[in-house]
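Reading through the structure tokens given below for one structure.
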């Protein structure tokens, strides 16, 4: 859930045992709150410039290094991720990457080819 998507607690109540995470931008405070609210994962980003959300708040690798040490839940990264920059996020502590534009809005590659670029 994004920070403007409504109440996490209400979503958790309605969705019960579904997997539900929270985008925390680059905030330790938001990440701790998400965990206190029983989020299944925390997401950080945007790490890179993104055509999908060009005005998104920027995150840096230090939040991933902190999260890797302090958070015992999966860490997801989002924002401008492509086949050339994702490994630095994984190396800094991300468990999962969320990719949209590189796959679905790529003027040079069809989606199935774009996906194969991640090895």
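Quick notes
- The chain: calculated mean residue ellipticity at 222 nm from DSSP helix runs of at least 4, using -39500 (n - 2.57): -9500 deg cm²/dmol
- Cα centroids of region 8-40 and region 92-119: 25 Å apart.
- Two-decimal Rg/Rh across the chain, once Rg and the Kirkwood Rh are taken from alpha-carbon atoms: 0.98
- Cα-derived Rg to Rh of region 19-73, Kirkwood definition: 0.98
- Using the Cβ-Cβ distance between residue 55 and residue 16 with R0 = 35 Å, the FRET efficiency computed as 1/(1 + (r/R0)^6) comes to roughly 0.55.
- Förster-model FRET efficiency, 35 Å R0, residue 116 and residue 69, C-beta, rounded to 0.05: 0.60
Here, each number is a calculation from the coordinates, and none is a lab measurement. These numbers come from a predicted model, not from an experiment. All Cβ positions, glycine included, derive from the backbone under ideal geometry; neighbour counts span all protein chains shown.
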